[in-house]
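To start, the structure itself, in structure tokens.
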Amino acid sequence: MNKGWGTAFALFLAAAVAEASAGSWRDDFASVVLLRDYNTRLVIISTALLGVAGGLAGSFLLLRKRSLMGDALSHATLPGIVLAFIVAVHFTGAGRSFAVLVTGAAVTGILGCVVVLLIRGLTRVKDDAAMGIVLSVFYGAGVVLLSIVQHMPEAGTAGLESFLYGKTASMVLTDFYLVSGAAVVALFASLALFKEFRLLCFDEDYARSMGWPTHALDVLMLLLVTLVTVVGLQAVGVVLIIAFLIIPAASARMWTSRFGWMLAIAAGFGGASGWLGSGLSALTPGLPAGAVIVLTAAALFVMSLLAGPDRGIVARTVRAHLLKRRIERQHLLRGIYEVLEEDGPAPQMAGEGTSMVTWEALECKRSWTPGELRRIVRRAYRRGLVETMGRAGVRLTDAGAREAARVTRNHRLWEIYLVEYADIAPSHVDRDADAVEHILGADLIRRLEATLTRAERPAADGVPASPHPIR
Amino acid sequence: MEWYVFDTWIVAVGALCAAACALAGSFLVLRRMSMMGDAISHAVLPGLAVAFLLTGSRTSVAMFVGAAVTGVLTAVFTQWVSRLGNVERGASMGIVFTTLFALGLLLITRGAEKVELDPGCVLFGAIELTPLDVVADWTVFGVLLEIPRAFVVLGAVFLLNLAVIVLLFKELRISAFDPALATTLGVHAGFMHYLLMTLVAVTTVAAFEAVGSILVIAMLIVPPATAHLLTDRLGMMVVLSVVMGVLCAAGGHAAAVYLPALTGHEAVSTSGMMAVTAGVLFAAAAVFAPRHGILARSRRSLH
């Protein structure tokens, strides 16, 4: 991500906060969002922290193409919760101990992760089916256990399911401690194992061949996800925790391709959705906090999908458009160059008395319609590369001649390379070279020059002769 | 514990549900979209809410249409997000279904406060209660048959899935394995994708309204994945997964009724037990499958 976008985003946030500080409803909003309101402070901070932790852990899942692991994992906790309840009732008489339930959830959650990894590693069943199997079978086992508990005389099971649905608006101090603990662990693990996790996310095979303990790292990563899921489950519910593990990370991916930035942005988006979402729901009685938070995160995702500078729709469309323009321009220049080359042994490419190329000759070079060609020429003219001679034809300016020579040279260097090293027939190299000539970097060109010392040394402008007849 | 006619109906309903799901699920598993059933079962909430707000009634037809439309939309949105944003399929599924679920929750709490639509009830089915809702009494050879509504609904869904898959088997097969080749051969791969998604949505919605969503999610994935371990041929895989599904239904209900009775407990949840049975069958196939099982694989690698 470049600095401009970061600054713009910061300015936008500042403006939004300033805007929010005026007016009476806005006063309420500001006092809630800016944590001046005691009742909502705890909930807002907790959900924001959970968002941060979810964003971090979710980034790893997204890059490992396992986003739905949070889904599988959170359903796999049900049998653990119920088993823990049964065990606790048998031994202590009181099953509602919070610590016991969380431990049970974590145990079957981890077991679920391990089973997914085992199925993936040992059979030909793919990731998605493995997650689905674990989700449904574990959850089914949970439902069975739940129906046993309902027949138990010590019942008092009401609310055991609600463990899965969370209680966002009524979080207590314990939740706050747990959630902040999880966030600190997630942050610490991401920083401490930054290099290891990055390598695992982008090139697992390389990591293994370098001797990294990839299995251990993988399990560690999933432990982190389990921690966030289990802590989040009882605090905010199953759907919100799934959303926290997927949406901020996917949003962040729109903004950057760099691992560090992605983690930071995902954590930021997660935190912001928790903060704004629970603030909004606190202001309007009856709005379920979890739903508002998910929708806030989704709104941020839509914004990123449109405006993200790396993968956003606008950025990608603009980039594709610019590339198309450049390709057209370079084709035009090479076309002119090749026509001039055919015309005579020593064409006057530039300067006084520059040779002219007719429109018809150019149209024949590529499948341009007259209208298309005119538009391309007009754009090249605006850049000072060509001059039009009315209906007669087109000629290169000095700058255009230099660019045309460079483009043609790149094309032919690549062609010669393909003929000599990739053993491709001279009659077939034109199309292949066409596809790459626009993206050959300066460095690659230098290496081509060094490699192709045998290439026939060309005319004065350094352009080698074409290895194939030009049509 | 005795076995009543009641129990036979439960097994019959479960078997039909499992068979209908297995037919659609085989293609989902091959297309690596197994989690679609889970996604749809969460995502239909806004459809239910909107159907209620528009018609003001809780009749099952309106609810069914609302849910089925949202189910198809889930597939469409998933496709859009993953194409427009270059987002991995699983992630875009997750984004879409959590957002739709949140939207549904919001609609229910704001607009339809009087509806008893508990988001929790969507997840817990009641296959045990299906024989109570009878649509027709037939007397066949002097035996009174009280046909449950769920049996009729799921039978219709099963026949629909069967018809589509038999008629379009070649097209579905080729677009599942090689969409590009399908397109060059003149099969509209995109159409096949959405047709399959429509089948999945209709099956999921019809089935979880009848028997609960956990059973649906399990039957969409586990029997086809089990069959995939046992055979390399698609036709065989579809047949085997239907057989597996029926086995899960019968075995699951028997286990739910008889196993707890051994220790003197009350019967446990049938849908949960069916899912667990499916899991056990999968585990057995994973270990003992003749070609793709863990044992066969390790024996081959020893040689």
> For the stretch A:204-213, what does the Karplus curve 6.51 cos²θ - 1.76 cosθ + 1.60, with θ = phi - 60°, yield as ³J(HN,Hα) per residue in whole Hz, taken in order and with x for Gly and Pro?
Replying inline: 5, 4, 4, 4, 5, 5, 7, x, 6, x
> Where in the stretch A:246-261 does accessible area fall by at least 30 Å² between the isolated chain and the complete protein assembly, at a 1.4 Å probe radius?
Replying inline: A:I246, A:I247
> In whole Å, what are the Cα extents of the protein assembly as shown along the three principal axes, biggest one first?
Replying inline: 105, 69, 59
>> I need the calculated FRET efficiency for the pair A:R375 and B:K170, taking r as the beta carbon distance and R₀ as 41 Å, to the nearest 0.05.
In response: 0.35
>> Charges on Cβ only, +1 for Lys and Arg, -1 for Asp and Glu, centred on the Cα centroid of the stretch A:35-311; of A:T226, A:H151, A:S97, which one is farthest towards the dipole's positive end?
In response: A:T226
> Once you put a point 7 Å from the Cα of A:R319 and another 7 Å from the Cα of A:H215, both along the Cβ direction, what distance in nm separates them?
Replying inline: 3.8 nm
>> Along the Cα→Cβ direction, 7 angstrom out, place labels at A:M389 and B:L84. What is the inter-label distance in nm?
In response: 5.1 nm
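Just order A:134-140, A:311-317 by mean Cβ neighbour count inside 10 Å, highest at the front, would you?
By packing density, highest mean first, the sequence is A:134-140, A:311-317.
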> Residues with amide H under 5 Å of B:L145's amide H, sequence separation 5 or more or different chain, H placed in the peptide plane at 1.01 Å from N; which?
Replying inline: B:W138, B:T139, B:V140
> To the nearest Å, what is the center-to-center distance of the stretch B:212-240 and the stretch A:53-105, using C-alpha atoms only?
Replying inline: 27 Å
> Looking only at other chains, what is the average number of their beta-carbon atoms within 10 angstrom of each beta-carbon in A:116-124?
Replying inline: 4
>> Within chain B, which whole H helices from DSSP have a Cα span along their axis of at least 30 Å and a mean Kyte-Doolittle hydropathy of -0.5 or more, if any?
In response: B:5-30, B:60-84, B:89-110, B:189-211, B:234-262
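Just subtract the alpha-carbon distance of B:L259 and B:A156 from 0.36 nm times their residue separation and send over the number in nm, one decimal.
Working: separation 103, 0.36 × 103 = 37.08 nm, distance 3.22 nm.
So the chain would gain 33.9 nm between B:L259 and B:A156.
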> Between the stretch B:1-61 and the stretch A:186-247, how many Å separate their Cα centres?
Replying inline: 33 Å
> Just how large is the dipole of the stretch B:5-216 about the Cα centre, in debye to the nearest 20, putting +1 at every Lys and Arg Cβ and -1 at every Asp and Glu Cβ?
Replying inline: 700 debye
>> How much of the pair distance distribution for chain B lies past 24 Å, counting alpha-carbon pairs only, in percent?
In response: 55 percent
> What is the average number of partner chain Cβ atoms found within 10 Å of a Cβ in B:265-275?
Replying inline: 6
> What relative contact order, as a whole-number percentage, does chain B give when Cα pairs under 8 Å and 6 or more residues apart are counted?
Replying inline: 27 percent
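Which value, in debye to the nearest 20, gives the size of the charge dipole of the stretch A:35-311 about its Cα centre, when Lys and Arg are +1 and Asp and Glu are -1 at the Cβ?
360 debye
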> Counting each DSSP H run of 4 or more residues in the protein assembly as shown as -39500 (n - 2.57), what helix-only mean residue ellipticity at 222 nm follows after dividing by all residues, to the nearest 500 deg cm²/dmol?
Replying inline: -24500 deg cm²/dmol
> What is the Cα convex hull volume of the stretch A:242-328 when expressed per residue in Å³?
Replying inline: 78 Å³
> What ranking do A:419-429, A:356-366, A:44-54, A:238-248 get when scored by the average of other Cβ atoms within 10 Å per residue, highest first?
Replying inline: A:238-248, A:44-54, A:356-366, A:419-429
> If you take the beta carbon distance between A:C364 and A:I327 as r and set R0 to 25 Å, what does 1/(1 + (r/R0)^6) give as a FRET efficiency, to the nearest 0.05?
Replying inline: 0.85
>> Using protein chains only and a probe of 1.4 angstrom, how many square angstrom of B:W138 are accessible, to the nearest 10?
In response: 150 Å²
> Out of A:V184, B:I108, A:P464, whose Cα points farthest toward the positive end of the dipole of the protein assembly as shown (charges: +1 Lys, Arg; -1 Asp, Glu; placed on Cβ)?
Replying inline: A:P464
>> Need one number: buried accessible surface between chains B and A, 1.4 Å probe, both sides summed, DNA, RNA and ligands left out, in Å² to 100.
In response: 4600 Å²
>> With every atom except the alpha carbons ignored, what do you get for Rg and Dmax of the stretch A:35-311, in angstroms?
In response: 18.7, 60
> What are the ³J(HN,Hα) values, in whole Hz, obtained from phi via the Karplus relation 6.51 cos²θ - 1.76 cosθ + 1.60 with θ = phi - 60°, for each residue of the stretch A:141-149 in sequence order, with x given for Gly and Pro?
Replying inline: 4, x, 5, 4, 4, 4, 6, 5, 4
> Which number gives the lysine pairs in the protein assembly as shown that have C-alpha atoms under 24 Å apart and are eight or more places apart or on different chains?
Replying inline: 6
>> Suppose the chain between A:R124 and A:I470 were pulled fully straight at 0.36 nm per residue; how much longer would it get relative to their current alpha carbon spacing?
In response: 119.4 nm
> How much of the accessible area of the stretch B:5-216, in percent, comes from carbon and sulfur atoms when a 1.4 Å probe is used?
Replying inline: 70 percent
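Taking the Cα centre of the protein assembly as shown as origin and charging only Cβ (+1 Lys, Arg; -1 Asp, Glu), how large is the dipole, in debye to the nearest 20?
In debye, rounded to 20, the protein assembly as shown gives about 1840.
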> Any idea which of B:A12, A:A216, A:G142 is furthest toward the positive side of the dipole for the protein assembly as shown, if Lys and Arg beta-carbons carry +1 and Asp and Glu beta-carbons -1?
Replying inline: A:A216
> What ranking do B:173-181, A:325-333, B:62-70, A:221-229 get when scored by the average of other Cβ atoms within 10 Å per residue, highest first?
Replying inline: A:221-229, B:62-70, A:325-333, B:173-181
> Per residue, what volume in Å³ does the Cα convex hull of the stretch B:8-78 take up?
Replying inline: 96 Å³
>> Between A:A307 and A:S257, what is the label-point separation in nm under the 7 Å Cα-to-beta-carbon projection?
In response: 2.3 nm
> What figure in square angstrom, to the nearest 10, would you give for the accessible area of B:E209 with a 1.4 Å probe?
Replying inline: 90 Å²
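Using only the heavy atoms of the protein chains and a 1.4 Å probe, how would B:D232, B:D133, A:D128 rank by accessible area, largest first?
Largest to smallest exposure gives the sequence B:D232, B:D133, A:D128.
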>> If R₀ is 41 angstrom, what is the calculated FRET efficiency for the pair B:D137 and B:L53, using the beta carbon separation as r and rounding to 0.05?
In response: 0.70
> What's the average, rounded to a whole number, of partner chain beta-carbon atoms within 10 Å of each residue's beta-carbon in B:32-39?
Replying inline: 6
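The values are calculated or read from the model by the stated rules, or taken from the named source; none is laboratory data. Owing to the predicted nature of the structure, the values given are computational and were not obtained by experimental measurement. Cβ coordinates were reconstructed from backbone atoms using ideal geometry, including for glycine residues, and neighbour counts include every protein chain displayed. Protein only, heavy atoms only, side chains kept; ligands, DNA and RNA dropped before computing areas. Shrake-Rupley method; radii C 1.70, N 1.55, O 1.52, S 1.80 Å.
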